[in-house]
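The values are calculated or read from the model by the stated rules, or taken from the named source; none is laboratory data. Just so we're clear, the structure is a prediction, and the values are computed from it rather than from any experiment. So basically every Cβ, Gly included, is an ideal-geometry build from the backbone, and we count neighbours across all protein chains shown.
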Amino acid sequence: MWNVSIISFCNKWLVKLPTYHHFGCIDSPIMVTVEDEGDAGAFKDFTPEASETPATTAPEPAAPTPAAPTPTPAVAVPTSAVSPQPASGDRVVASPRAHTLAKEKGYGEISALKIVGTGPGGRIVAQDILDYDPSTVPAAAQPVTAAPAAKVASSFTPQPVVGAGYTDYSLPSSAIELASRLHSSKQNVPHYYLTIDLTLDSLLELRSSLNSTIKDGGISVNDLLLKAAAAAMKTVPSANASWMDSFVRVYDSVDINVVVGNGSTLYAPVIRDVGSRGLKAVSDDFAAAAAAVEGSDDTPTAAGFGDVGTFTMVNVGMFGVKSCAPIIREPQACALALGVIENRIVPNDDVDSEEIYKESVMMTATLSCDHRVVDGAVGAQWLSAFKNHVENPMTLLL
């Protein structure tokens, strides 16, 4: 006798049925197996007897019903309780600062509030949260039970979760929102980068001269570079623009987002109309924004936090970084990154000097451009104009 096994996709034929329920039950043998290869020929014309295959076999009701997955809803319950989502599933577009303010004021998630954003494309900005008055919202629009839970969640700081060889750190909603926007911008905007070296000797001399006459506060190198960027926009206005799908919008005012802070306290307040205002006024605005972020107890509440200007500037030189290629902040077309200020040995351009080389204070600047708005030639023209204003800073006083 041969050692034969007959396998069928039916509960009466197969003892250990795989969990591929979509195969169904066909109530007939599908395979004959033998231990020795030489025995296979004896079953070449094998057909199952009629008695082996039941004519009608009603499927058992309990067999196709999967009972094991029932614990899944129990796992999902705590997740929805911690971070409730809008019932409609629509994504609420808001600035990172707006998310932070909403939680600090005990409003909970912005998605639970009935706020119409005043930012670009209906985006909810920080000022919308500051102007929000819960008493003016109809009772039906206010969440009844979610508000207390959101208030408790805002005051609770999740503890790091330590695993086997790693530690997980929870992120604030503002950091998650910022990461989402940067990811979207990097995907949507065709970035390209231009880098140039700047000589700061004349700029530092002008700064020293101005500060000798100023009693309160002082002009920083960053203030002068802000003015130089705005002056370059006057020379090449097509860089102060936005891509609007079917047209390009060029702005009259140069409103610069200046990145300050770091980590979860990273903000980019807007310094308004930098091109038309005096250097001291621009310096005062920037100093106020930087002071608001540096205060450990106070949180920035100025209207400029969370708003989007027409251009972004970030200074990574304070960390000793020589150059950086920043991600453009939509809908802007350009972003400028400034590197560390350092002494370098460069060729001496003084024909009367006997020295072949000289020491100069220099900086590297990198401009990120949206190629849909600013092509390579326009980007190069802007950087050339910026370099001219930095190395001839008296033009900033005109």
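LEU226 - would you say it is in the same structural domain as ASN392 (by TED's automatic domain parsing) and either at negative phi or not aliphatic (A, V, I, L, M) (or both)?
So LEU226 passes the test.
Kindly provide the set of residues from region 191-239 that are surrounded by fewer than 14 Cβ atoms within 10 Å (Cβ to Cβ), of a type in the set (Gly, Ala, Ser) and closer than 20 Å to ILE341 by Cα, ordered by number.
Of everything in region 191-239, those that are surrounded by fewer than 14 Cβ atoms within 10 Å (Cβ to Cβ), of a type in the set (Gly, Ala, Ser) and closer than 20 Å to ILE341 by Cα turn out to be SER208, SER209.
If you take just the helices (runs of 4 or more DSSP H) that sit entirely in region 83-154, which of them hold at least 1 residues that are modelled with pLDDT of 75 or more, in contact with a helix residue (DSSP H, G or I) (Cβ under 6 Å, 6 or more places away or on another chain) and under 19 Å from LEU171 (Cα atoms)?
Hits in region 83-154: 96-104.
Inside region 287-392, counting only strands (runs of 3 or more DSSP E) that do not spill past its ends, which hold 3 or more residues that are at pLDDT below 95 and farther than 17 Å from ALA229 by Cα?
Here the list reads 342-347, 357-370.
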